[in-house]
Amino acid sequence: MGSVEDFVKASREIWGFIEKNQLKLQRLVQVYGYMYARISTMFNVSTAFTKELASKIPQLAHLTKASLLGLHAAMYHDIGLVAELIDEKGYVVDEVSLSEVLGLSVEDMRVCLLQSFGAMLSGDSLTHRIYAGEREICSAYWKRGVLLPHLGVLLIEVSKNPPKTMPRIIGVNALVPWVLGVLRDLASGSLGAGSIAIVSASIGKGKTTTLYYTIRSVLNALSPGSSHDELTSKLIILDAEEFLDILQALVDSEVKAPIIVVDNASVLFPKQWFKLGGAMVKFYLNMNTIIDLLRGVCGATIFVANAPGEISSFVRNAATMNIVGREESGIRAYSTTLFTWKRPVLKIREEEETVKLREKIASVYVYPLLKLPREIYERDLEVKVKVIKSTVQNTIEHLKNELLMRQNKTSISEKHAIS
């Protein structure tokens with residue numbers, strides 16, 4: 001959110017982190033990749049459990065949606081959130097229903113929730129077995145995937161007065177191990193390493209917030225001991241028009257940016273650029289070349305589009321990860337966006353090998369459980385208002401010119417008719 005000079009300075013600082021943690025980065029990619037995979041697997045198990053439950057008890061069909069709230073908490077919050085929820089007096093109706101299905105008391109379920117949540121967020125692959133072993137009854141709770149829907153119904157219950165716990169220092173979504181992987185390649189001496197991701201969703205669906213906590217998590221994993229809030233804000237370019245100034249500054253300073261997030265990028269890279277005509281076509285042909293060679297000056301580059309697919313095709317074609325967000329309805333009192341991406345998977349059958357794209361959950365945004373720092377929120381809103389103002393003025397001017405041109409044509413036609 002700072003100046004071009006701030007961005008270059010921040011990039012140099014991150015290079016310092018990379019140089020100090022060359023060996024550590026490989027381990028970080030493995031740990032957070034594993035945690036993301038574990039959380040995703042838990043959601044898949046929970047989905048199977050809630051669908052089976054809904055077929056037997058239709059009034060519990062909403063538990064699949066509740067699992068999304070639990071998935072969000074697993075990605076972004078710490079065990080303090082769970083402790084706060086189970087401290088609430090009284091049992092929740094859906095908890096009682098779950099306890100009857102499982103044959104566990106609500107009190108035992110809450111103990112299992114606390115233990116299982118802590119185990120799921122551990123980097124140790126055996127931890128969940130150790131936790132389950134402390135109380136054998138928690139084994140079924142874990143294996144059947146009750147954790148996320150249980151956590152979700154507790155969050156729904158307190159939705160009128162949601163917990164005020166802050167997101168944990170290192171959250172986990174699909175982008176965290178992706179960015180760490182690019183930094184690992186840079187650390188190994190591959191100065192040409194770099195990759196592009198696109199995050200797109202309608203305005204107000206949590207794209208900037210999600211990316212803020214993603215970058216903050218990466219920096220805290222790389223350099224523990226500080227929250228890195230200020231450094232994170234300098235890496236997010238809210239005004240997309242500054243992107244070219246930053247590229248020029250990087251070239252001039254001979255610094256490669258390890259991480260850059262270009263918000264509102266669809267303003268700079270519109271989907272219909274080829275229809276603009278004139279000098280703008282040449283401008284975008286040059287931009288196409290820049291995107292093709294971007295890894296020469298940038299490592300992990302994330303472009304944010306203000307609607308799914310609303311960004312230039314040459315940017316989409318260059319991206320290795322394309323994340324799309326859609327609003328999830330049916331979760332009362334919360335604004336929820338489900339971000340998904342398609343991952344290539346090799347399918348091998350007899351005498352046939354095919355690659356298919358399988359949709360996976362990349363992240364879940366839930367407001368007001370996850371909020372942007374106020375300073376960044378206000379600056380982002382300011383940029384959006386500026387773009388709207390400029391676009392409205394251009395639209396009005398274009399309309400006036402079009403109407404005037406039609407009026408002139410009508411006048412000329414009338415004169416010819418009279419003569």
Does the stretch 210-220 contain at least one residue that is surrounded by fewer than 22 Cβ atoms within 10 Å (Cβ to Cβ), farther than 18 Å from Lys371 by Cα and not assigned by TED's automatic domain parsing to the domain that holds Asp78? yes
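Report the residue count in the stretch 221-266 for those that are among the hydroxyl-bearing types (Ser, Thr, Tyr) and buried (at least 19 other Cβ atoms within 10 Å of the Cβ).
From the stretch 221-266, those among the hydroxyl-bearing types (Ser, Thr, Tyr) are 223, 226-227, 232-233, 253, 266; that's our starting set.
Okay, now just the ones that are also buried (at least 19 other Cβ atoms within 10 Å of the Cβ), so 232-233, 266.
Residues in the stretch 221-266 being among the hydroxyl-bearing types (Ser, Thr, Tyr) and buried (at least 19 other Cβ atoms within 10 Å of the Cβ): 3 in total.
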The lone exception for Gly189 - which of (1) in contact (Cβ under 8 Å) with a residue 60 or more places away in the chain; (2) on the phi > 0 side of the Ramachandran plot it fails: (1)
Taking the stretch 336-360, which residues are in contact (Cβ under 8 Å) with a residue 60 or more places away in the chain and not β-branched (Val, Ile, Thr)? Leu338, Phe339, Trp341, Lys360
Given Gly80, Gly70, which one is under 26 Å from Lys164 (Cβ atoms), part of a helix (DSSP H, G or I) and touching a Gly at 6+ places or on another chain (Cβ under 7 Å)? Gly70
Got a number for residues in the stretch 158-179 being outside any loop (DSSP other than H, G, I, E, B) and either in the same structural domain as Ser99 (by TED's automatic domain parsing) or crowded, with 24+ Cβ neighbours inside 10 Å (or both)? 4
What number of residues in the stretch 32-73 are in contact with a strand residue (DSSP E or B) (Cβ under 8 Å, 6 or more places away or on another chain) and farther than 26 Å from Ala221 by Cβ? 1
Conditions (1) modelled with pLDDT under 90; (2) more than 21 Å from the chain's Cα centre (by Cα); (3) surrounded by fewer than 20 Cβ atoms within 10 Å (Cβ to Cβ) -> Leu114 fails only (1)
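How about the stretch 224-278: which of its residues are part of a helix (DSSP H, G or I) and small (Gly, Ala, Ser)?
Of everything in the stretch 224-278, those that are part of a helix (DSSP H, G or I) and small (Gly, Ala, Ser) turn out to be Ser233, Ala240, Ala249, Ser253, Ala265, Ser266.
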Criterion first (within 24 Å of Val179 (Cβ to Cβ), in contact with a helix residue (DSSP H, G or I) (Cβ under 7 Å, 6 or more places away or on another chain) and part of a loop (DSSP other than H, G, I, E, B)) does Ile291 satisfy it? no
Note down all Cβ pairs under 8 Å where the first residue falls in the stretch 37-57 and is in the same structural domain as Ser99 (by TED's automatic domain parsing), the second is among the charged types (D, E, K, R) and in a helix (DSSP H, G or I), and they're at least six residues apart or on different chains. Val45/Lys143
Does at least one position in the stretch 310-329 carry a residue that is under 23 Å from Gln248 (Cβ atoms), touching a Lys or Arg at 6+ places or on another chain (Cβ under 7 Å) and touching a residue at least 60 places away in the same chain (Cβ under 8 Å)? yes
Please determine, by comparing only the residues of the stretch 55-74 that are within 19 Å of Thr336 (Cβ to Cβ) and of a type in the set (Gly, Ala, Ser), which one is surrounded by the fewest Cβ atoms within 10 Å (Cβ to Cβ). Ala61
Return yes or no: is Ile290 farther than 24 Å from Ser233 by Cα and out of contact with any Phe, Trp or Tyr (no Cβ under 6 Å at 6 or more places or on another chain)? yes
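Consider Arg332 carefully, then state whether it is surrounded by fewer than 19 Cβ atoms within 10 Å (Cβ to Cβ) and either assigned by TED's automatic domain parsing to the domain that holds Val8 or not acidic (Asp, Glu) (or both).
Working: surrounded by fewer than 19 Cβ atoms within 10 Å (Cβ to Cβ): yes; either assigned by TED's automatic domain parsing to the domain that holds Val8 or not acidic (Asp, Glu) (or both): yes.
Spelling it out, Arg332 is indeed surrounded by fewer than 19 Cβ atoms within 10 Å (Cβ to Cβ) and either assigned by TED's automatic domain parsing to the domain that holds Val8 or not acidic (Asp, Glu) (or both).
Can you spot a residue in the stretch 127-139 that is at pLDDT 90 or above and of a type in the set (Asp, Glu)? Full working, then the answer.
Residues of the stretch 127-139 that are at pLDDT 90 or above, as a first pass: none.
Scanning the stretch 127-139 turns up no residue that is at pLDDT 90 or above and of a type in the set (Asp, Glu).
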Would you confirm whether or not the stretch 36-44 contains a residue that is surrounded by fewer than 18 Cβ atoms within 10 Å (Cβ to Cβ) and either closer than 15 Å to Ile260 by Cβ or at pLDDT below 90 (or both)? no
For Asn21, the lone unmet condition from (1) within 21 Å of Leu211 (Cβ to Cβ); (2) in the same structural domain as Val251 (by TED's automatic domain parsing) is (1)
Test of understanding: among Val364, Val304, Val324, Val315, which residue is in the same structural domain as Ile259 (by TED's automatic domain parsing), crowded, with 16+ Cβ neighbours inside 10 Å, β-branched (Val, Ile, Thr) and part of a helix (DSSP H, G or I)? Val315
Any residue at all in the stretch 299-316 that is of a type in the set (Gly, Ala, Ser) and touching a Phe, Trp or Tyr at 6+ places or on another chain (Cβ under 6 Å)? yes
Out of the stretch 196-222, which residues are over 19 Å from Tyr36 (Cα atoms), in contact with a Gly (Cβ under 9 Å, 6 or more places away or on another chain) and not basic (Lys, Arg)? Ser200, Ala201, Ser202, Gly206
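The values are calculated or read from the model by the stated rules, or taken from the named source; none is laboratory data. None of the values given here were measured: they were computed from a predicted structure. Using ideal geometry, Cβ is built from the backbone for each residue, glycine included, and neighbour counts are taken over all protein chains shown.
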